[in-house]
Amino acid sequence: MNAVFSQRVMVITGATGALGKLAAHSFAERGASLALLDNHQANLDDLAHALNLPESRLLTQVADLRDGDAVRSAAEAVSARFGRVEALIHLVGGWTGGKTIPESSAEDLDFMLGQHAWTTFHLFQAFGPHLAANGWGRVMVVSMPLAVHPVPKMGAYAAGKAAQEALVQTLAEELRESGVTANILHVKSIDVKGTGKGTTPAEIVASMLYLCSDEAAKINGAKIPLYG
């Protein structure tokens, strides 16, 4: 086993999605301890079984990240188990689109802000102090370039992602002197099925692994294009 991350505790949200599972396996193979957050216990159980990590290196917890109290409880559980957090990889998704702004409902916007902005805000409030206390840390999210350059019929999604990106870049500035970096990985689509279109989970996780290396310590507040 390559133990390059053996002293690191990684929190991965949306852990049972295709990207989350690959990230979990990749960091586990390199020695990291994992705190996996998701909203389906059965899926977390399946992932834990597949990872086959000792209890000392793994925590799974169901949490609705739109609920600040639930996120704080998760952070307390992670701290109680591991005593620290070195990385927060936020992969909770959610999409709504195909409608112009006049056609969209308030519920569409609420859903997108909940999935992207509020989850990120609660996570940063709960885990930010733990990251800053270490003198080393990594934060990253996956987003899309339309957060910067919106396209028609994607207003609610673009608004949610733009708010999320603003939070990430603000955190990057707030923690700049603490040894913690916060970055955004931009993809146009995630090629889960291997169609050759979009960015594959493996390509995204490779970038995550690099950002978590000491060599990436100067990359902070960046929007990194992973779409050629």
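The values are calculated or read from the model by the stated rules, or taken from the named source; none is laboratory data. Treat the numbers as computed from the prediction; the structure is a model and nothing was measured. We place every Cβ from the backbone using ideal geometry, glycine too, and count neighbours over all the protein chains shown.
Counting only residues that are hydrophobic (A, V, I, L, M, F, W, C) and farther than 24 Å from PHE127 by Cβ, which one in region 139-158 is farthest from the chain's Cα centre (by Cα)? Among those residues, the one meeting the criterion is VAL151.
The set of residues in region 22-33 being surrounded by fewer than 17 Cβ atoms within 10 Å (Cβ to Cβ) and either in a helix (DSSP H, G or I) or modelled with pLDDT under 95 (or both) consists of HIS25, GLU29. If you go through region 71-87 and keep only what is farther than 21 Å from LEU175 by Cα and either without any contact (Cβ under 8 Å) to a residue 60 or more places away in the chain or among the aliphatic types (A, V, I, L, M) (or both), you end up with SER73, ALA74, ALA77, ALA80, ARG81. The criterion of at least 1 residues that are surrounded by 22 or more Cβ atoms within 10 Å (Cβ to Cβ) is met by the following strands (runs of 3 or more DSSP E) wholly inside region 116-228: 137-143, 180-186.
Between a first residue in region 195-217 that is under 9 Å from ALA23 (Cα atoms) and at pLDDT 95 or above and a second residue that is hydroxyl-bearing (Ser, Thr, Tyr) and in a helix (DSSP H, G or I), which pairs have beta carbons less than 6 Å apart while being 6 or more apart in sequence or on different chains? The qualifying pairs are VAL205/SER26.
Could you tell me whether region 189-206 includes any residue that is closer than 21 Å to GLY128 by Cβ and within 16 Å of the chain's Cα centre (by Cα)? For region 189-206, residues closer than 21 Å to GLY128 by Cβ and within 16 Å of the chain's Cα centre (by Cα): absent. Give the residues of region 23-52 that are more than 15 Å from ALA3 (Cα to Cα) and in contact (Cβ under 8 Å) with a residue 60 or more places away in the chain, sorted by residue number. Listed by number, the list holds a single entry, ALA23. The residues on offer are ALA50, ALA63, ALA74, and the sole one that is farther than 25 Å from ALA133 by Cα and at pLDDT 95 or above is ALA50.
For LEU113, the requirement of being under 21 Å from ALA158 (Cβ atoms) and surrounded by 16 or more Cβ atoms within 10 Å (Cβ to Cβ) is met.
Matching residues to (1) surrounded by fewer than 19 Cβ atoms within 10 Å (Cβ to Cβ); (2) part of a loop (DSSP other than H, G, I, E, B); (3) touching a helix residue (DSSP H, G or I) at 6+ places or on another chain (Cβ under 6 Å):
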site	(1), (2), (3)
VAL4	yes, yes, no
GLY20	no, no, no
ALA35	no, no, yes
ALA42	yes, no, no
SER73	yes, no, no
ALA77	yes, no, no
GLY97	yes, yes, yes
ILE101	yes, yes, yes
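The set of residues in region 104-115 that are out of contact with any Phe, Trp or Tyr (no Cβ under 9 Å at 6 or more places or on another chain) and either in a helix (DSSP H, G or I) or of a type in the set (D, E, K, R) (or both) comprises ALA106, GLU107, LEU109, ASP110, PHE111, LEU113, GLY114. Being surrounded by fewer than 19 Cβ atoms within 10 Å (Cβ to Cβ) and either over 24 Å from HIS116 (Cα atoms) or of a type in the set (A, V, I, L, M) (or both) is a property that holds for SER56.
Among the conditions (1) modelled with pLDDT of 95 or more; (2) at positive phi, the only one that GLY94 does not satisfy is (1).
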